[in-house]
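Visitor: My questions all concern the structure below.
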Amino acid sequence: MSFCDSAGLNVLLGAWRLADAVRAVLVQACAPEPLLQTLEMTGADQVLRVYDTVTDAEGVSGG
């Protein structure tokens, strides 16, 4: 992904809400820098879990 606008951000946050509603965990792994910047600028990085690698994200559980 090289670009994420407000529509893309809404999709990510909507997916997070759906996952949260069923007590699942949504994680982002290997996110490109433009997405990381968007998440940080909007504060979405405080809600969405972002990991550098898939290995880092694999052991994640709820809570």
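Visitor: Tell me the residue from 56, 45, 20 that is under 11 Å from the mean Cα position of the chain (by Cα), among the acidic types (Asp, Glu) and part of a helix (DSSP H, G or I), please.
Guide: The match here is 45.
Visitor: Within the stretch 29-43, can you find the residues that are at positive phi and open to solvent by 60 Å² or more (accessible area, probe 1.4 Å)?
Guide: 30, the sole residue that qualifies.
A quick yes/no check of all residues on (1) touching a helix residue (DSSP H, G or I) at 6+ places or on another chain (Cβ under 7 Å); (2) not charged (D, E, K, R):
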| position | (1), (2) |
| --- | --- |
| 4 | yes, yes |
| 7 | no, yes |
| 18 | no, yes |
| 23 | no, no |
| 35 | no, yes |
| 48 | yes, yes |
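Visitor: Now for a different question. Test of understanding: among 17, 23, which residue is surrounded by 10 or more Cβ atoms within 10 Å (Cβ to Cβ), out of contact with any Pro (no Cβ under 7 Å at 6 or more places or on another chain) and among the basic types (Lys, Arg)?
Guide: Details: 23 fails: surrounded by 10 or more Cβ atoms within 10 Å (Cβ to Cβ).
Criteria check complete, one pass: 17.
Visitor: Still on this structure, please answer the following. Given (1) at pLDDT 90 or above; (2) surrounded by 10 or more Cβ atoms within 10 Å (Cβ to Cβ), identify the lone condition not met by residue 46.
Guide: It fails just one condition, (2).
Visitor: Can you say whether residue 11 is surrounded by 10 or more Cβ atoms within 10 Å (Cβ to Cβ) and without any contact (Cβ under 8 Å) to a residue 60 or more places away in the chain, as far as the supplied structure shows?
Guide: On the way: surrounded by 10 or more Cβ atoms within 10 Å (Cβ to Cβ): yes; without any contact (Cβ under 8 Å) to a residue 60 or more places away in the chain: yes.
When the stated conditions are applied, residue 11 passes them.
Visitor: Pairs, please: C-beta under 6 Å, at least 6 apart or cross-chain, first residue farther than 17 Å from residue 10 by Cβ and in the stretch 30-50, second surrounded by fewer than 12 Cβ atoms within 10 Å (Cβ to Cβ)?
Guide: Between residues of the stretch 30-50 that are farther than 17 Å from residue 10 by Cβ and residues that are surrounded by fewer than 12 Cβ atoms within 10 Å (Cβ to Cβ), the close pairs are 32/1.
The values are calculated or read from the model by the stated rules, or taken from the named source; none is laboratory data. None of the values given here were measured: they were computed from a predicted structure. Here Cβ is always computed from backbone atoms with ideal geometry, including for glycine, and neighbour counts include all displayed protein chains. What goes into the accessible areas is simple: the full protein's heavy atoms, side chains included, and nothing from ligands, DNA or RNA. Shrake-Rupley method; radii C 1.70, N 1.55, O 1.52, S 1.80 Å.
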